[in-house]
1. Give the residues of region 791-806 that are β-branched (V, I, T) and surrounded by 15 or more Cβ atoms within 10 Å (Cβ to Cβ), sorted by residue number.
2. Return yes or no: is F585 aromatic (F, W, Y) and surrounded by 20 or more Cβ atoms within 10 Å (Cβ to Cβ)?
3. Would you call L505 among the hydrophobic types (A, V, I, L, M, F, W, C) and either more than 28 Å from F71 (Cα to Cα) or surrounded by fewer than 18 Cβ atoms within 10 Å (Cβ to Cβ) (or both)?
4. Out of everything in region 459-482 that is out of contact with any helix residue (DSSP H, G or I) (no Cβ under 6 Å at 6 or more places or on another chain) and among the hydroxyl-bearing types (S, T, Y), what residue ends up being surrounded by the fewest Cβ atoms within 10 Å (Cβ to Cβ)?
5. Pick from region 778-790 the residues that are touching a helix residue (DSSP H, G or I) at 6+ places or on another chain (Cβ under 6 Å) and aliphatic (A, V, I, L, M): which of them is surrounded by the fewest Cβ atoms within 10 Å (Cβ to Cβ)?
6. Please enumerate the residues belonging to region 365-383 that are over 21 Å from the mean Cα position of the chain (by Cα) and in contact (Cβ under 8 Å) with a residue 12 or more places away in the chain.
7. Given the criteria open to solvent by less than 70 Å² (accessible area, probe 1.4 Å), in contact (Cβ under 8 Å) with a residue 60 or more places away in the chain and not aliphatic (A, V, I, L, M), does F674 qualify?
8. Looking only at region 721-763, count how many residues are open to solvent by less than 80 Å² (accessible area, probe 1.4 Å) and not in a helix (DSSP H, G or I).
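The values are calculated or read from the model by the stated rules, or taken from the named source; none is laboratory data. Bear in mind the structure is a predicted one, so any value in this text is a computation, not a measurement. A quick note on method: Cβ atoms are made from the backbone with ideal geometry, for glycine too, and the neighbour counts reach across all protein chains shown. Ligands, DNA and RNA are stripped out before the accessible areas are found, and what is left, the full protein with its side chains, is counted by its heavy atoms. Shrake-Rupley method; radii C 1.70, N 1.55, O 1.52, S 1.80 Å.
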Amino acid sequence: MIKNYFKIALRGFWRHKLFTFINIIGLSIGISTALVIYLIVHFDYTFDKFQPDNDRIYRVVSDFKFSGDVFHSGGVTGPLADALKNEVTGLQASAPFYDNSSFTAVIPNGSSKAAKFKNQKNVIFADKRYFDIFPYKWLSGSPKNALNNPYQVVLTAKQGKLYFPALRYDQMIGKQIIYDDSLKTTVTGIVSDIEQHTDLNFHDFISFGTMYLNRNIKGDIEGWGNTSDASQLFVKIGKNIQVGHVEKQLNGLLKKYNPPRPEDKGNSTVLRLEPLSDVHFNADYSSYGGHIASKITLYGLMIIAVFILLLGCINFINLTTAQASQRAREIGIRKTMGSTRMQLVIQFLGETYVITILAIVISVIAAPYILKAFADFIPAGIKMNVIEQPGILIFLFLLSLVISFLSGFYPALVLSGYKPVLVLKNQAVNNSGKTRNAWLRKSLSVTQFVIAQFFIMATLIVSKQVYYALHKDLGFKKDAIVYIETSWKGDQHRRWVFMNKLRALPQVENMSMGAEPPSSETMNSTSSIYTDGKKEIKTNVQRKRGDADYINIYKIKLLAGHNFYAGDTLKSLLINNTYARILGFRNIHDAIGKMVKFNGENRAIIGVVGDFYQASLHTPFRPIAIMFDPNNSLTLHIALKPQNADGNDWKTAIAGIQHAWKEVYPDDDFEYHFFDESIAKFYESEQHTSRLLTWATGISIFISCLGLLGLAIYTTNQRTKEIGVRKVLGASVTQIFTMLSAELVWLILLAFVIVTPVVWWAMNKWMQSFTDRTTISWWIFAASGAGMLIAAIFTSSFQTVKAAITNPVESLRSE
């Protein structure tokens, strides 16, 4: 019986090749989209799921409230880790570690030249407590004593092979590694690498005690008043212990050793436990330099997958029910021969399943190419290998069942419900049946148009906001500016030598020494106190460091006062307009000469500059103080002259800067950043969203148009004789085309009316995250409706025009 069903299905597919092709292509596009999105979602949601008892592991993080502003830190105050051991109950284990930004590792090699490995990231200071929470397989050495003493280090297997490629793991024990020319460590253990997805990709574990012998790090971890993102703490709570119980004890401990002062009224520090499963998704806290996923983005991806699959299923239902009358005689004969309705339902669902399987095969072949095409959008590490990832097979199997049921169940009920007596009298599809099926097709078509127009409108609005953000006047110049971070290990003299070499380059217009540029992901804040004679105004201020040329290079407007002079830069500062208003100055000129205390040191306000965005348009203007500090001014800001006609000046300038760098800093890697590119990175998420919506729009329009083409072919075939009669009676080609297209226009207009308020509401909610945003213009809705109408009419016109110009003699020949 199954073999017979299969033969019947193949004959039907071959008889209706075009409709079968449309169904397979529509479903395969939807399944390919769903498969790629499944790989992305599965990838992000499996991070650190392999860790034992991962549901009881938490990171201790800090939330600060200061002058009404809320700040977040993934770090904690240094002494907390030791204090909680004896004073906090409910903890099964705790693991502090210090996450250093990067190291240069040198491997001594006797009389031969030492091997040097620059910019080694994922190097942390830890002890055996880390391995109590995050267990590793030890290939050599023991967790009991590997990190007990200062200047010991444990390596992962891959890192060990990088440093000592010719040695076995046991031979690596006792070897020396020198970090940053100062930390001379001895290898005491080798652990296996983590092959699963994790944010904790550390590979060099230097003993925790080494930090206290390092002057640069020691200051970060001493004192209850200091909190550094680098100072991390993970805890594992006991079974049946409430998170709130532990958090209450931690905050009590913080108040005990760092009690609030009267002048801190309104400010607070709160410790809380962040679940391990949240580390991969929470951008408010430090991420160890890895990929931070967005749950909102993942939910959006899943919704897109559902919509595009739904479009494919709608095409299948529409085309199958439209062909119902053509299979009526077959159904009548099969019922007369004894087939039950259940057998017919099974047959039609089986046919749907065969088409779904063919679509899945195409999708599996296409998925790797789609991943490659979106390599710059999707996270690194996502791959597709059916053998190594059995979950893909399970997903595809479940997806095939769902699609087959959604696509085939209703058509199977319609087809199997025909009565043999009516079928054999050519009365199988009565008027009520026609009306019911037509109503369903119209409803499903409207749904398709709603989805397609939603994507069109959303794409236009997101693109408009991104364009607005990238082209808005941000309060500073961003073009033709390069900034370079010099080594903190270099002395001030070398920095001046480097600057003098750059000034000699003909392509360099101006130069400044400072810290981060005006708009940066790096936020450097401090507290300030201003006394106006009546009350004390305490404010959290964003601190920018720069010399006299800083505001000149970035064309930041000076509204009052003057710029830095050579003699007053160390005791003076510039403030922005927002800061002046917070201090109570209605006339910004009155702020000139006033004294503000920063970290116990008085500085004089010498000028007020215009407001500029310190980060993306997501954040409002904040109070800013620009001051010059030569000891912490490690970044050079270089303004380049305009490009010449051949457009090679900037390339020549970068080559000259690199040559000067190698002369002054021969042991350091050369890195530079164009400021406008750094600004664009603020909106990478929105740009990815725009690109994703563009693809979703294209796919949805393509699938919808495929379905329209199929329905147009069916409709014109069904109305061939009607068209012939109308032409004989004098109807023109235009009138015939208008008649055939009128219903389509009304369906698109109905979809437009439904989707417009939904898009307006949804995109208004999305744009609330921007403090400065563009308007949602009326033309976006008009353009999307008109675009959908033109695309639909253009697609259907291939068939409707053909039907309208056909000679009526041919259509009426059989009458």
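1. Within region 791-806, I793, T795, T800, V801, T806 qualify.
2. Criteria met by F585.
3. yes
4. Here the answer is Y467.
5. L789
6. Selection gives A366 alone.
7. On the way: open to solvent by less than 70 Å² (accessible area, probe 1.4 Å): yes; in contact (Cβ under 8 Å) with a residue 60 or more places away in the chain: yes; not aliphatic (A, V, I, L, M): yes.
Judged against the criteria, F674 is a match.
8. Qualifying residue count for the region: 3.
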